[in-house]
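Heads up: the structure comes next, in structure tokens.
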Amino acid sequence: MNLSIERENQRINTNRVVVSGEIDVYTAPEFKKNLLPLTELNGGTLIVDLTKTNYMDSTAIGVIVAALKSSVKHHCKFSVVGLTPRIERLFEITGLTELIARTQVSGGETND
Amino acid sequence: MGTMEDGPQLATYRDLLIRYMTHESELVIEESEMLAGFLQEQGVSPADLVAMHLEVMKQTRALDHATLRSMEFLINMMAGYGREYWEHQELKDKQKQLDKEIDVAAEVQKALIEGKVPHCDFADIGAISEPAKKMSGDYYRIVNDGKRLAVTIADVIGKGIPAAMCMSMIKYAMDSIPENKQGAPSSILANLNRVVARNADSSMFVTMFYGVYDPVTHIFSNSSAGHEPGFYYSAQQDCFLDLEARGMSLGLAPGSRYKEWARKVEPGDMIFLLTDGVTEIRKDRDFIEREHIIKLIRRSMHLPAARIVRRVLYELKKMQHFELTDDFTFIAMKF
């Protein structure tokens with residue numbers, strides 16, 4: 001797994017995390033360690049870019065869920081881009097897509 | 001390696017070695033085995049033993065330079081090799097112990113979820129659940145209280161031991177909801193959602209489908225918490241439909257509410273519920289599509305429900321070269 005964090009200059013507290021390679025049970029802890037602090041920037045925006053990710057297992061989805069929950073808590077706008085159709089379907093069915101949409105409304109003010 | 005003290009260990013070894021070199025005998029071999037056991041107990045390492053051998057040889061023979069050097073080399077080799085060997089051995093022992101503990105845990109878990117399929121006058125029911133590894137994050141429960149048939153299927157997103165522990169929590173939460181048998185699917189899921197949101201790790205969530213069938217009205221009502229849609233087979237139209245239901249997975253948002261769906265299920269109709277391996281995603285590989293599962297069901301749906309589930313599982317495993325990548329649970333209900 002290779003992880004790069006880009007700070008998008010035009011707006012403060014807008015971060016894009018680009019993950020390339022594989023996120024599995026071995027690399028997920030590092031992914032989590034880097035991702036969670038970025039969700040705690042109150043009123044910030046976090047974009048997780050999975051376009052270059054060629055494998056993710058359920059542990060990776062767990063990290064994204066933890067980041068999403070933390071974003072909701074800290075009013076951080078959270079989004080994931082570059083999902084494969086299959087993961088997108090999983091996000092849709094499980095309700096993750098809806099939860100992500102909620103963070104977009106005034107930086108995720110809803111908590112339920 | 002320092003100079004060898006002429007202690008009792010060395011003396012015994014020298015004695016045995018000389019006897020062996022002068023007149024080879026079975027007895028010496030036997031004694032050497034005993035000595036080996038004793039030396040091992042005393043913590044003598046393989047390298048020490050070779051050093052002992054060299055010492056005795058030096059005392060009793062005039063060794064040429066090459067032999068001497070080769071023996072010294074062997075002592076150094078043994079020191080490194082011995083360390084590696086024992087470390088590996090120790091890891092293997094630890095691994096064995098862990099494996100044993102997991103076996104015990106898996107047995108406990110199996111006893112917990114071993115879903116009995118109740119006898120039912122109005123439906124033929126079959127259920128099967130198989131973990132990908134030793135422990136499963138899947139759960140199912142089928143209860144017939146005489147008036148209504150309640151069926152639950154759940155999938156903890158995650159694998160192995162953490163998922164299994166979360167599953168046990170679900171089981172106890174289900175058991176502790178008093179209106180379990182009579183409650184409306186939507187309220188059961190709302191209750192469970194609170195339990196999971198409060199108690200599970202933030203990276204964990206659970207998908208669940210809960211359905212209730214009333215044999216008098218023939219109404220099947222259900223709610224879903226983010227669970228993979230099941231299939232409804234209409235005998236009259238001879239077609240499979242998605243058992244559509246939507247809702248937030250358990251543990252994602254504290255106050256989630258759940259909608260309820262209802263449909264009339266006529267005699268001859270069937271309902272199939274499943275958990276699937278959607279969480280294991282690889283871009284460069286093919287996946288089992290829902291249409292394919294329907295094809296598998298069609299091929300065996302003339303059989304009793306218990307045989308349908310066994311056969312579909314077998315076919316799915318065959319496609320994955322008999323190695324499930326995710327826990328799999330499958331329930332068939334023929335009305």
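The values are calculated or read from the model by the stated rules, or taken from the named source; none is laboratory data. Because the structure is predicted, anything quoted here is derived from the model rather than measured. Ideal geometry is used to build each Cβ from the backbone, glycine not excepted, and the neighbour counts take in all protein chains shown.
Some points to look at:
- The set of residues in the range A:68-91 that are within 18 Å of B:VAL156 (Cα to Cα) and either crowded, with 16+ Cβ neighbours inside 10 Å or among the hydrophobic types (A, V, I, L, M, F, W, C) (or both) comprises A:LEU68, A:LYS69, A:ILE87, A:LEU90, A:PHE91.
- Qualifying residue in the range B:80-88 (condition: assigned by TED's automatic domain parsing to the domain that holds B:GLU266, part of a helix (DSSP H, G or I), free of Cβ contacts under 8 Å to residues at least 60 places away in the same chain and surrounded by 12 or more Cβ atoms within 10 Å (Cβ to Cβ)): no
- The set of residues in the range B:174-187 that are assigned to a helix (DSSP H, G or I) and either of a type in the set (S, T, N, Q) or surrounded by fewer than 17 Cβ atoms within 10 Å (Cβ to Cβ) (or both) comprises B:ASP175, B:SER176, B:PRO178, B:GLU179, B:ASN180, B:SER186, B:SER187.
- Only residues that are more than 14 Å from chain A (Cβ to nearest Cβ) and in contact with a strand residue (DSSP E or B) (Cβ under 9 Å, 6 or more places away or on another chain) were counted in the range B:214-265, giving 22.
- The combined condition, being crowded, with 23+ Cβ neighbours inside 10 Å and polar (S, T, N, Q), is fulfilled by B:ASN193.
- Being within 54 Å of the chain's Cα centre (by Cα), exposed (fewer than 14 other Cβ atoms within 10 Å of the Cβ) and closer than 26 Å to B:GLU87 by Cα is a property that does not hold for B:ALA51.
- Filter pass, B:THR207 being surrounded by 22 or more Cβ atoms within 10 Å (Cβ to Cβ) and modelled with pLDDT under 85: no
- Selection status of B:ALA106, crowded, with 16+ Cβ neighbours inside 10 Å, under 29 Å from B:ALA173 (Cβ atoms) and in contact (Cβ under 8 Å) with a residue 12 or more places away in the chain: yes
Table: residues versus (1) hydrophobic (A, V, I, L, M, F, W, C); (2) not in a strand (DSSP E or B).
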residue: B:LEU189; (1), (2): yes, yes
residue: B:ASP201; (1), (2): no, yes
residue: B:PHE220; (1), (2): yes, no
residue: B:ALA225; (1), (2): yes, no
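- Test: residue in the range A:40-48 that is at pLDDT 90 or above and within 11 Å of chain B (Cβ to nearest Cβ): no
- Helices (runs of 4 or more DSSP H) wholly inside the range B:1-74 that include at least 3 residues being among the β-branched types (Val, Ile, Thr): B:8-22, B:46-60
- Annotation note: of B:ILE102, B:ILE113, the sole residue that is modelled with pLDDT of 85 or more, within 30 Å of B:GLY160 (Cα to Cα) and in contact with a Lys or Arg (Cβ under 7 Å, 6 or more places away or on another chain) is B:ILE102.
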